[in-house]
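Read-outs throughout are calculated quantities, based only on the coordinates presented, and are distinct from any laboratory measurement. All figures in this text were calculated on a predicted structure; none of them were measured in a lab. Virtual Cβ from ideal backbone geometry, glycine too; neighbours counted across all protein chains shown.
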Amino acid sequence: METISGETDWWSSLAGLGTSHFYVHNYRNPDIPEPSDLLSFGIETGRLEWVLPNVRFGGFDVSGALVVAEKKGGELRYGYCEPDTGRLKGPYPEPAFPEAEKWQEPMRYRAGAEYYELMAGFVRKSTGLKPAGSIEYLDSADKMIFSFYLYENDSLVQYIAIVNRLREVEYLTPIEKNLEKEGKNVLMVKEGWLYFVKERRSFVGINLMV
C-alpha cells in the first residue's frame, strides 16, 4: 500500500488504526522524541488525507469517536476529530476510553538494561544479525516479533523480524534506512495482526495467526 511521498520528516511511526483510516505520528526533530504531527491515511488507498500539526493520536473513546490531543503548557488537552476531514471539535473534558486496550505495544530494551543481552543473543542466534542498539519486542500467538538496528555501510538501518517458537524466521526485512538516530513505538499488534509503517510510505499488516 503506497502513499504519496514527502509527508514525513526524520521519523514516523504507526499511531493507531480505525475502520477506514490509519494514523501516523511524524517526528520533526531527532533531538525531541515526541510526535510533532498527526497524519491520516486511507486504508483502502494508502494515500495521505490530512495532517494536523502539533496534534497527536489519542485513541478512540467508548463510542468509537476519534480522540486527539494537543500538548499545551506541559499538559495534554483532549478533543475530538472528524476522521474524514481532520476537522477538530472541542476541546472537551478528558474522554472516557474503553477499559480494555485492544492494542498490544512492544517492550523496549536498551543496551545495558536487564534482559537486553538475552534479547540481543536470541536475535543474533535466530537471524544471524547482531543488534547495534535498542530492541523492541512483543509476542502474539506463537510468534515473537523484534525491531532492532544494524550499522550497514556506516548507516543506521532498522529491521523487523518475526520468529516462531521453533526459532524459525518467518519474516525479516529492513523497514528504514539512513536513519539519523533510533526511533520508537514501531510495532503494534491488534487482534492477531502486526502493523507497522515501512520506508515511511507503506502501511504493512501481517497476519500472525497463520
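Think of each Lys and Arg Cβ as +1 and each Asp and Glu Cβ as -1; about the Cα centre, that makes the dipole of the chain roughly 240 debye. Scattering from the chain was approximated by placing one identical point on each alpha carbon and applying the Debye formula without solvent; log10 I(q)/I(0) at 0.17 1/Å stands at -1.24. Rounded to the nearest 500, the 222 nm mean residue ellipticity of the chain from helices alone is -2000 deg cm²/dmol, with -39,500 (n - 2.57) taken per DSSP H run of at least 4 residues. On the beta carbon distance between E180 and M107, with R0 = 22 Å, the FRET formula returns roughly 0.40. When only alpha carbons are used to place a centre, region 98-160 and region 50-83 end up 29 Å from one another. With a ≥ b ≥ c taken as the square roots of the eigenvalues of the C-alpha gyration tensor of region 11-89, please select rounded if a/c is under 1.5 and otherwise prolate if a/b is larger than b/c or oblate if it is not? The shape class here is oblate. Between the helical axis of 116-127 and the longest alpha-carbon principal axis of the chain there is an angle of about 70 degrees. Between the residues S140, M119, L17, the greatest Cα displacement towards the positive end of the dipole of the chain, with unit charges on the Cβ of Lys, Arg, Asp and Glu, is found for M119.
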